Amino acid sequence: MTGHLSYGPDPSQWVELHRPDRPGRGVVAVIHGGFWKAAYDASLGQPLALDLAARGWTALNVEYRRVGNGGGFPETFDDVAAALALLRDETGPLVTLGHSAGGHLATWAAARTRFDRWAGGAEVTHVVSQAGVLDLSAAHADALGSGAAQELMGEGPGHPSYSLADPTRHVPLDVPVWCVHARDDEEVPFSQSADYVTRATAAGARAELVEVPGGHYGVIDTRTEAWARIVEILDDIA
């Protein structure tokens, strides 16, 4: 069963909810990437959501306001929090699965309820980051995505908003994180995941670096070895 749900008045404030035919294993919220830019949309996450629903997961394919159509800080973050609030009554694990900028948002989502602005929402139980941008300060310094972090935040890393938005500043998380990344990724450096895991484990968190082949996009192609490895991670969760 598939349903289109709106969580706000903006045309980009919607999700597609895919329920499995058999009893569910829990929920995976799929958060697409594209350096938080309006040029990229939830069509990137749709094949993953359909594949997950076929495997017995309830899958939520999340759209949100991006830079260029009303997004940025804090609107993009507000939207992800509001989309996850739709899952308050769901049972079982709640996994956030995100690619690239979506990996940033998926990991951020596990810490969001620490902050008054996003308190009270559904609690994330596991995170799978697919080539995620997990250190906004480093992304800003490296001008990833032609300055995408600056465009998202509207400020440099010295601004207090980074304390709310940057997953690296949120370690240790209270939930496990798998950072799935290809060493030959030419869009988001492998170091984004490797450094996050080093910091997280040093702080006492459960975080695992999972190296896969396939560059930046293999992790969102359901035909690849990289996707098969992500499926294995989800199988270990439920």
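The values are calculated or read from the model by the stated rules, or taken from the named source; none is laboratory data. Just so it is clear, the model here is predicted, and its values are computed rather than measured. A quick note on method: Cβ atoms are made from the backbone with ideal geometry, for glycine too, and the neighbour counts reach across all protein chains shown. Surface accessibility is based on the protein's heavy atoms, side chains included, excluding ligands, DNA and RNA. Shrake-Rupley method; radii C 1.70, N 1.55, O 1.52, S 1.80 Å.
Listing for the model above:
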{"read-out": "Distance cut-off 26 Å, percentage of C-alpha pairs in the range 120-238 lying past it", "value": "22 percent"}
{"read-out": "Three-way shape label, the range 40-96, alpha-carbon gyration tensor, a/c 1.5", "value": "oblate"}
{"read-out": "Around Val15: net Lys/Arg minus Asp/Glu count, Cβ-Cβ under 14 Å", "value": "-3"}
{"read-out": "DSSP loop trypsin sites (Lys or Arg not before Pro) with at most 12 other Cβ within 10 Å excluded, longest remaining stretch of the chain", "value": "89-222"}
{"read-out": "Å² of accessible area per residue within the chain, as computed with a 1.4 Å probe and no ligands counted", "value": "40 Å²"}
{"read-out": "Highest-MSF residue in the chain out of Asp21, Asp221, Asp116 [GNM, Cα springs under 10 Å]", "value": "Asp116"}
{"read-out": "Residue-averaged [θ]222 nm for the chain, counting only DSSP H segments that reach four residues, each worth -39500 (n - 2.57)", "value": "-9000 deg cm²/dmol"}
{"read-out": "Residue (of Ala85, Ser12, Val197) at the positive-pole extreme of the chain, dipole from beta-carbon charges", "value": "Ala85"}
{"read-out": "Cβ-placed point charges (K, R +1; D, E -1), dipole of the chain about Cα centre in debye, nearest 20", "value": "400 debye"}
{"read-out": "Low-density loop cleavage sites - chymotrypsin sites (Phe, Trp or Tyr not before Pro) in the range 114-187, where at most 16 other Cβ are within 10 Å (DSSP)", "value": "Phe115"}
{"read-out": "For the chain: span of alpha carbons on each principal axis (Å, largest first)", "value": "48, 39, 33"}
{"read-out": "Fraction of accessible area attributable to carbon and sulfur, the chain (%, probe 1.4 Å)", "value": "49 percent"}
{"read-out": "Net +/- balance of residues flanking Asp174 in space, Cβ distance below 11 Å, scoring K and R +1, D and E -1", "value": "+1"}
